[in-house]
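Visitor: One structure coming up, written as structure tokens, with questions to follow.
Every read-out reported here was derived from the displayed coordinates using simple, explicitly stated rules and does not represent laboratory data. What you are looking at is a predicted structure, and each value in this text was computed from that prediction instead of being measured. So basically every Cβ, Gly included, is an ideal-geometry build from the backbone, and we count neighbours across all protein chains shown.
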Amino acid sequence: MKDLNAKIDWLTEDLEALLGTHRDGYAMARGFYTSAEVYQEDIKSYWNQTWIWVGHTCQLPQKGSFFLFDYGPESIIIARDRRGEVGAFVNVCRHRGARVCTERAGRAHAFSCPYHAWVYELNGDLRAAREMDAGFDRASHGLLKAHVRILDGLIFVSTAENPPEIDDAIAELKPLVAPFRLDQLKIAHEASYPVPANWKLAIENYMECYHCGPAHLDYSQSHSLKDPHSITPELLASLRKASVDAGLPAEANFSWSKVGHETADMDAYCGRYPLYPGYHTGSKDGALVAPLLGDLKTPFNGANDMQLGILNNFLIYSDHVVGYRFVPRSVQETDIQMVWYVREDAVEGEDYDLEDLTWLWHVTTLDDERIIRVNQEGVNSFHFRPGPLSKMEEFMTAFYDGYLDQLTRARGGA
Ligand code: FES
Ligand SMILES: [Fe+2]
């Protein structure tokens, strides 16, 4: 420890120096969460180089339907074009850079820039530009196109020129989650919880359940993940039986795959863990809070985590899905965004009550907001020294490894 502290004493907030100081099995150093330079690099070299879950096809019911997804200084238009295809474009005019679309969501025939009225088609092509020279080449001035992939309705976008390979990961996840019919969902509720902390502290918090016991009393009543020792063979056997009875693939009780790529890795994860006896879903009293999803015959009495890339997290219960992302706004401003999905034919007030549906993850996220905030406050101290991680934080190291690797590569390192 003496050596580590000595090393950190001369640590600057320069990214090069920071990258050299990280120690496996330890938290990351202060500068990763405080430096404006690191934040710029986070957007450019991490967020802009990977895949981001932006929404669901239920938000694009018709030709011309669109919505925006923003993070850091970036904004992306996701739209359904005249042929019915889902496309995504960088929301930056090819003339002098104004935001082309300023409405959060809606239906359009075309996108007209509010500055000098260049008009873009629903597929991003430039349709018209006033008073330009005869030699102006419209074809090469369409909105920059982002890559799009859809996993059972969930839309993922990448603005990278050569995004990480994702198709293998999608192919592996698809059969594991097929019975949930994620393509047949609707949004029951969306909420954003702003937290005055760096986005990485918010992700780290989501990736470990070391804090769940002390910080989440409500969650810990029902979710066995808060204490691995409580996941007894009996509890696992009962999850397996309930899963098979429900019509889920038994072998998918726990599965992990990692798909390599030359510039980055896309992690795909699908794992199921038991709820304690008496709990059929993540609710106050354990009773279902919405109709069973998709093809499920009975509740499987567990929680199914699904991840496609570190940034994109979904928690699937028997009757609803909660999607999570941690959206950077500035060095120390992050929005914890959550979307609650139920099956598309469920009717609010008849089939589900919004307060019952959202109760658990609302109170849990308020707890998280508080601990992430105090985490950042402490990390801001010049006295902060990264401490050793517990076994229950091992998923965090997957994030650290991928993050540090990607930033190192972006700077031309090994
Ligand atoms: S900036 Fe968009 S038309 Fe000029
Ligand atoms: Fe938490």
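Visitor: Using only DSSP helix segments of four residues or longer, with each worth -39500 (n - 2.57), what per-residue ellipticity at 222 nm results for the chain after dividing by its residue count and rounding to 500? If you can, show how the numbers build up before the last one.
Guide: On the way: 11 runs with 112 residues, N = 414.
-8000 deg cm²/dmol, from helical runs alone.
Visitor: Any idea how far apart Asp245 and His147 come out in nm if each label point goes 7 Å out from Cα toward Cβ?
Guide: 4.3 nm
Visitor: Hey, another quick one. Please identify, among Leu275, Leu354, Leu185, the residue showing maximal mean-square fluctuation in a Gaussian network model of the chain using a 10 angstrom Cα cutoff.
Guide: Sorting by GNM fluctuation, first place goes to Leu354.
Visitor: Another one. What is the gain in length, in nm to one decimal, between Ala98 and Phe382 on full extension, counting 0.36 nm per residue of separation less the C-alpha to C-alpha distance?
Guide: On the way: separation 284, 0.36 × 284 = 102.24 nm, distance 3.94 nm.
Residue separation times 0.36 nm, minus the Cα-Cα distance, leaves 98.3 nm.
Visitor: Taking H as built 1.01 Å from N, whose amide H comes closer than 5 Å to the amide H of Ser283, not counting residues under 5 places away?
Guide: Close amide H contacts, sequence-distant or interchain: none at all.
Visitor: How much length would be gained if the chain were fully extended between Cys58 and Lys284, taking 0.36 nm per residue of separation minus their Cα-Cα distance, in nm to one decimal? List each step's numbers first, then the result.
Guide: Details: separation 226, 0.36 × 226 = 81.36 nm, distance 2.79 nm.
Length gained, Cys58 through Lys284: 78.6 nm.
Visitor: Oh, and also: Where q = 0.15 Å⁻¹, what log10 of I(q)/I(0) comes from the Debye formula for segment 1-150, counting one point per Cα?
Guide: Listed by q, the Debye log ratios stand at -0.80.
Visitor: Kindly write out, for segment 151-167 in residue order, the coupling ³J(HN,Hα) from the Karplus curve 6.51 cos²θ - 1.76 cosθ + 1.60 (θ = phi - 60°), rounded to whole Hz, with x marking Gly and Pro.
Guide: 10, 6, x, 7, 9, 10, 10, 9, 9, 5, 5, 10, x, x, 4, 10, 5
Visitor: Return the loop-located chymotrypsin sites (Phe, Trp or Tyr not before Pro) in segment 59-145 (DSSP other than H, G, I, E, B) with at most 15 other Cβ atoms within 10 Å of their own Cβ; answer none if there are none.
Guide: Values: sites: Phe66, Phe67, Phe69, Tyr71, Phe89, Phe111, Tyr115, Trp118, Tyr120, Phe136; in loops: Tyr115, Trp118, Phe136.
Filter output for segment 59-145: Tyr115, Phe136.
Visitor: Still on this structure, I have one more. Among Asn304, Ala36, Asn380, flag the residue with its Cα farthest along the positive direction of the charge dipole of the chain, charges on Cβ as +1 for Lys/Arg and -1 for Asp/Glu.
Guide: The residue sitting most towards the positive pole is Ala36.
Visitor: Starting at the first residue of segment 326-343, write each ³J(HN,Hα) from the Karplus equation 6.51 cos²θ - 1.76 cosθ + 1.60 with θ = phi - 60°, in whole Hz, x for Gly and Pro.
Guide: Values per residue, Gly and Pro as x: 10, 9, x, 10, 7, 3, 10, 9, 9, 9, 7, 9, 10, 10, 9, 10, 10, 5 Hz.
Visitor: Same structure, new question: Say a paramagnetic label sat at a point 7 Å from the Cα of Lys174, along Cα to Cβ; which residues of segment 47-62 have their backbone N under 20 Å from it?
Guide: Within reach of a label on Lys174: 51-58.
Visitor: Another question about this same structure. Explain nothing, just the number: relative contact order of the chain, from Cα pairs under 8 Å at least 6 residues apart, as a whole percent. Kindly include the intermediate steps, with their values, before the conclusion.
Guide: Values: 818 pairs, mean separation 77.1, N = 414.
Over the chain, the number comes to 19 percent.
Visitor: Once the Cα gyration tensor of the chain is diagonalised, what are the square roots of 5 times its eigenvalues, in whole Å and ordered largest first, as equivalent ellipsoid semi-axes?
Guide: Values: eigenvalues 246, 188, 68 Å².
Ellipsoid semi-axes (Å, largest first): 35, 31, 18.
Visitor: Here's a follow-up. Extending each Cα 7 Å along its Cβ direction at Ala105 and Asp401, get the distance between those two points in nm, one decimal.
Guide: Placing both labels 7 Å beyond Cα along the Cβ direction yields 3.7 nm.
Visitor: Starting from the Cα of Glu37, step 7 Å along the direction of its Cβ; do the same at Ser112; then give the gap between the two resulting points in nm.
Guide: 4.6 nm
Visitor: So if R0 is 22 Å, what FRET efficiency would Ala160 and Asp24 give, r being the distance between their Cβ atoms, rounded to the nearest 0.05? Spell out each step's value before the answer.
Guide: On the way: r = 27 Å, r/R0 = 1.22.
Efficiency, rounded to the nearest 0.05: 0.25.
Visitor: In percent, what relative contact order does segment 44-203 have, based on Cα pairs under 8 Å that are 6 or more apart in sequence? Spell out each step's value before the answer.
Guide: On the way: 265 pairs, mean separation 36.8, N = 160.
The normalised contact order for segment 44-203 reaches 23 percent.
Visitor: Now for a different question. When the dipole is taken about the Cα centre of segment 53-150, and only Lys, Arg (+1) and Asp, Glu (-1) are charged at their Cβ, what size is it in debye, to the nearest 20?
Guide: Values: 14 positive and 10 negative charges, 47 e Å.
Dipole size: approximately 220 debye.
Visitor: Could you sort out which of Lys200/Lys241; Lys63/Lys174; Lys241/Lys284; Lys63/Lys284 sit more than 31 Å apart by Cα distance in this structure? Please report the intermediate quantities before stating the final value.
Guide: Numbers: Lys200/Lys241 37 Å; Lys63/Lys174 26 Å; Lys241/Lys284 24 Å; Lys63/Lys284 40 Å.
Exceeds cut-off: Lys200/Lys241; Lys63/Lys284.
Visitor: Compute the FRET efficiency between Arg373 and Ala134 as 1/(1 + (r/R0)^6), taking r as their Cβ-Cβ distance and R0 = 51 Å, and round to the nearest 0.05.
Guide: Values: r = 58 Å, r/R0 = 1.13.
Given R0 = 51 Å and the Cβ-Cβ separation, E is 0.30.
Visitor: Working out 0.36 nm times the residue gap between Lys186 and Glu348, then minus their Cα-Cα distance, what length gain in nm do you get to one decimal? Could the numbers behind the result be given before it?
Guide: Values: separation 162, 0.36 × 162 = 58.32 nm, distance 1.11 nm.
So the extension gain works out to 57.2 nm.
Visitor: Just want the answer: with Cβ charges of +1 for Lys and Arg and -1 for Asp and Glu, which residue in Gln62, Leu122, Gly97 is farthest toward the dipole's positive end in segment 53-150?
Guide: Farthest along the dipole direction, towards plus: Gln62.
Visitor: Of the trypsin sites (Lys or Arg not before Pro) in segment 65-121, which ones lie in a loop per DSSP and count no more than 13 other C-beta atoms within 10 Å? Show your work: numbers first, answer last.
Guide: On the way: sites: Arg80, Arg82, Arg83, Arg94, Arg96, Arg99, Arg104, Arg107; in loops: Arg82, Arg83, Arg94, Arg96, Arg99, Arg104.
Sites meeting the loop and neighbour criteria: Arg82, Arg83, Arg96, Arg104.
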